[in-house]
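Student: Could you have a look at this structure, given as structure tokens, before my questions?
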2 protein chains.
Amino acid sequence: MSDAPPPVTPPDRILMGPGPSDISPRVLSAMAAPTVGHLDPYFLRIMDETQTMLRQVFRTDNALTMSVSGTGSAGMEACVVNLVEPGDRVVVCVNGVFGGRMSDVATRCGAEVTTIERPFGEVFTPEEIEDVVKRVSPKAVGIVHAETSTGALQPLEDVSRIVHDAGALLLTDCVTSLGGCPVEIDDWQIDAAYSGTQKCLSCPPGLAPVTFSPRAVAAIEQRTHKVASWYLDITMVRNYWSDQSRAYHHTAPINMNYGLHEALRIVLEEGLEARHARHRQNHLALRAGLEAMGVEFAVAAAHRLPMLNAVRIPERVDDKAVRSQLLTDYGIEIGGGLGPLAGKTWRIGLMGEASTRRNVILFLTALEACLKSQGHISPAGAGVAAANEAYPTI
Amino acid sequence: MSDAPPPVTPPDRILMGPGPSDISPRVLSAMAAPTVGHLDPYFLRIMDETQTMLRQVFRTDNALTMSVSGTGSAGMEACVVNLVEPGDRVVVCVNGVFGGRMSDVATRCGAEVTTIERPFGEVFTPEEIEDVVKRVSPKAVGIVHAETSTGALQPLEDVSRIVHDAGALLLTDCVTSLGGCPVEIDDWQIDAAYSGTQKCLSCPPGLAPVTFSPRAVAAIEQRTHKVASWYLDITMVRNYWSDQSRAYHHTAPINMNYGLHEALRIVLEEGLEARHARHRQNHLALRAGLEAMGVEFAVAAAHRLPMLNAVRIPERVDDKAVRSQLLTDYGIEIGGGLGPLAGKTWRIGLMGEASTRRNVILFLTALEACLKSQGHISPAGAGVAAANEAYPTI
């Protein structure tokens, strides 16, 4: 077969976009372990261990905690499609692309969706949530914890109190936050949450960790309509993941689950507090460096994500030319803006394995050169110097 | 973290069940290649090459040919949910678990589903299809090419003619057939087909190759309702896979796609004809061996799958004891029966990398010992001798 493509030999990248993030060789190695059957006693043990570790990372005792066999968006759809029945009233808070996506998913489920909106990059006040919840009396409120499209972090504790006082369920998008900043499922009384493997957990994309509170499970068990998606029907999927029946539902992505297992081991070895502190430290150093180079953040200081830094593209600087030069000359991937922010912002990820001092320094050096070639001049080395100063001296 | 589970170290298995099948070290190695971004020019090239190779394996020129980011059942749901709108009349042919699943998926989409049934292990005659198609005038007819639950192969050419004469679309489940026996999407005029990676393609589970004919694409483009599943909405997913816009939809499972790319390279290196012949040869040898041991097939000779051999569990033999002994003493996984065949049949896979003379011989030897310990005695070595005789002498 002379016209066959060559084998897979990816270029050397540093993944500093909105995900996927850099992957530990330990995780890649686990992905390459020999495949076993999806009902093999060994794989059932891996599933059990993964559930236990996911509960630790989500900070929850929820029995129904597992990985959905799809990427983060499948996790979103799994949460929505199981909680929501046709005709249910649902509030979705939209301040970015992923809030908009959640509204679309809920509408496709036949929900009566009410959206409230904030400009991209801003977050919601508890009062705004209270107003709409009182007005609509929804079954569920959906909100994004870490908006990957804008770089904004939504505080959830007051929102949770308001939603529960109104007797509604709280559904949160934790795709980008989990493993990079505090996500307290039980303390914050979140009823359903989904994440992705390819952000701060630093596992390749392909699985979506999800967790459902006992209140969410009760709502699912009281459904009067079948779940619209067979593939994502948690009432069947959970029998495969549970201790008792292990009833076959679909053939789980075995090697992806190997990878997640190792990624979770790494997260717990580091410890959640230390991991969050590392993300925050590198974010602060990057921020100091960017500001010294005259690059401004697109999100107010109080609501910036530590793992995803959204900055305004400086005036007269060509978005794509800079991203292309970063990729070509330095092997560094960063993300462009999404939705109305396309061409206006960059999204610089410092997620999981990629959140290192080495990457902060290298990126600032590379960005200085790329901006210079676009006519945006900053004092030589000012970014790196400011970043270095932001690190504590030992 | 003293209570952390140990790292992933799977036991050594020979995967001779209904899938996953054994995986080439080349594919496992590709899965462990460094992750790049889902919009990286390198990954877009991998997607293009994968599409080209999938078209060769599906034997089609269909532009809309790609992998869905989920397992085979997600491929089924992707085909059904895109082709079918609420209120559409759909015929589903049910002669096993996966036909039943397709009917369930179509019902959840709001289709008016008419099923026709044959006992598990049998196939449909063209006349049966003709009767129901004339009676119902459906928009689409769904049928399973290779029923993984029963081991029966459904001929499709006459069915296709009948379905198209009635102006309907033909949707086929090729999960187990693709890469192991002829699947002729264009010659047979199949409008939509889905497969899985973990059967005769010998890639770990996690992706579902799908293909849609221009007629299917036209039907999708004429929809009046949004597709019920956001994650599987082909009208959006195809923009990411197409040459033009590459619009972000979801973050593709990068490393799974590396694995599929290498698995397809291996399939095309061997060549489809040679690969089908190998599957048939090993099936015939296994069959000769089983028959010499007094083990009967559960499917009539004319309709047996070459890659999945469903046999009746001999009388007074304990199903689980034998499967457990095969796994423990020999590291061999075979499958039990599904649905009404649970406890009555075994499903012995010879799929992809696992379809080898070595595995046929080893399995027959192991089965002889396991059956002997259950009181089912056959002449020593008779199975292996018969199998060896079935291979051509060089």
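Student: Can you work out which of the residues in the range B:327-364 that are surrounded by fewer than 22 Cβ atoms within 10 Å (Cβ to Cβ), in a helix (DSSP H, G or I) and touching a helix residue (DSSP H, G or I) at 6+ places or on another chain (Cβ under 6 Å) is farthest from the other protein chains (Cβ to nearest Cβ)?
Tutor: Applying the filter and picking the extreme gives B:I361.
Student: Can you tell me which residue within the range A:68-86, out of those that are assigned to a helix (DSSP H, G or I) and over 18 Å from B:I254 (Cβ atoms), is farthest from the other protein chains (Cβ to nearest Cβ)?
Tutor: So, considering only residues that are assigned to a helix (DSSP H, G or I) and over 18 Å from B:I254 (Cβ atoms), the one farthest from the other protein chains (Cβ to nearest Cβ) is A:L83.
Student: Restricting to the range A:105-123, name every residue that is touching an Asp or Glu at 6+ places or on another chain (Cβ under 9 Å), closer than 18 Å to A:P340 by Cα and either part of a strand (DSSP E or B) or of a type in the set (G, A, S) (or both).
Tutor: A:I116, A:G121
Student: Out of everything in the range A:34-52 that is surrounded by 22 or more Cβ atoms within 10 Å (Cβ to Cβ) and in contact with a Leu (Cβ under 8 Å, 6 or more places away or on another chain), what residue ends up being farthest from A:T328 (Cα to Cα)?
Tutor: A:G37
Student: Go through (1) assigned to a helix (DSSP H, G or I); (2) within 25 Å of B:T197 (Cα to Cα) and name the single condition A:E273 misses.
Tutor: (2)
Student: So which of A:A208, A:A193 ends up being more than 14 Å from chain B (Cβ to nearest Cβ) and either over 22 Å from A:F58 (Cβ atoms) or buried (at least 24 other Cβ atoms within 10 Å of the Cβ) (or both)?
Tutor: Within the list A:A208, A:A193, the selection yields A:A193.
Student: Right, here's the next one. Only one of A:G352, A:G339, A:G335, A:G375 is within 19 Å of the chain's Cα centre (by Cα) and modelled with pLDDT under 95. Can you tell me which?
Tutor: After ruling out the rest, the residue left standing is A:G339.
Per-residue answers, yes or no, for (1) touching a strand residue (DSSP E or B) at 6+ places or on another chain (Cβ under 8 Å); (2) at pLDDT below 95:
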residue	(1), (2)
A:V210	yes, no
A:E221	no, no
A:D233	no, no
A:Y240	no, yes
A:L268	no, no
A:G271	no, no
A:H276	no, no
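Table: residues versus (1) of a type in the set (S, T, Y); (2) assigned by TED's automatic domain parsing to the domain that holds B:L371; (3) surrounded by fewer than 24 Cβ atoms within 10 Å (Cβ to Cβ).
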{"site": "B:N257", "(1), (2), (3)": "no, no, no"}
{"site": "B:L264", "(1), (2), (3)": "no, no, no"}
{"site": "B:H283", "(1), (2), (3)": "no, yes, yes"}
{"site": "B:E296", "(1), (2), (3)": "no, yes, yes"}
{"site": "B:L305", "(1), (2), (3)": "no, yes, no"}
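Student: Additional query: Suppose we filter A:E296, A:E389 for residues that are over 30 Å from A:D173 (Cα atoms), among the acidic types (D, E) and at pLDDT 95 or above; which single one remains?
Tutor: Sole residue among the options that is over 30 Å from A:D173 (Cα atoms), among the acidic types (D, E) and at pLDDT 95 or above: A:E389.
Student: Which condition from (1) part of a loop (DSSP other than H, G, I, E, B); (2) surrounded by 21 or more Cβ atoms within 10 Å (Cβ to Cβ) is the one that A:G375 breaks?
Tutor: Condition (2) is where A:G375 drops out.
Student: While we're on this one: Regarding A:V295, is this residue part of a loop (DSSP other than H, G, I, E, B), among the hydrophobic types (A, V, I, L, M, F, W, C) and away from every other protein chain (no Cβ under 14 Å)?
Tutor: The answer is yes for A:V295.
Student: Further question: Being part of a strand (DSSP E or B), more than 14 Å from chain A (Cβ to nearest Cβ) and hydrophobic (A, V, I, L, M, F, W, C) narrows it down to one of B:V183, B:V141, so name that one.
Tutor: Every option except B:V141 fails the conditions.
Student: Being more than 10 Å from chain A (Cβ to nearest Cβ) and in a loop (DSSP other than H, G, I, E, B) is the filter here, so list the residues in the range B:17-66 that pass it.
Tutor: Of everything in the range B:17-66, those that are more than 10 Å from chain A (Cβ to nearest Cβ) and in a loop (DSSP other than H, G, I, E, B) turn out to be B:S24, B:R59, B:T60, B:D61, B:N62, B:A63.
Student: Take B:P18 and tell me if it is under 25 Å from B:C181 (Cβ atoms), out of contact with any His (no Cβ under 9 Å at 6 or more places or on another chain) and either modelled with pLDDT of 95 or more or buried (at least 24 other Cβ atoms within 10 Å of the Cβ) (or both).
Tutor: yes
Student: Mind listing whichever residues of the range A:1-16 are within 8 Å of chain B (Cβ to nearest Cβ) and over 30 Å from B:E269 (Cβ atoms)?
Tutor: A:L15
Student: Given the conditions (1) away from every other protein chain (no Cβ under 14 Å); (2) at positive phi; (3) of a type outside the set (V, I, T), and given that A:G271 satisfies all but one, which numbered condition is not satisfied?
Tutor: (1)
Student: Filtering the range A:74-103 down to residues that are free of Cβ contacts under 8 Å to residues at least 40 places away in the same chain and crowded, with 20+ Cβ neighbours inside 10 Å, which residue is farthest from A:P138 (Cα to Cα)?
Tutor: The residue in question is A:R101.
Student: Another question, if that's okay. Quickly run through the range A:211-250 and pick out the residues that are free of Cβ contacts under 8 Å to residues at least 60 places away in the same chain, within 11 Å of chain B (Cβ to nearest Cβ) and among the aliphatic types (A, V, I, L, M).
Tutor: Passing the criteria: A:M236, A:A247.
The values are calculated or read from the model by the stated rules, or taken from the named source; none is laboratory data. Computed from a prediction, not measured in an experiment: that's the story for all the values here. Ideal geometry is used to build each Cβ from the backbone, glycine not excepted, and the neighbour counts take in all protein chains shown.
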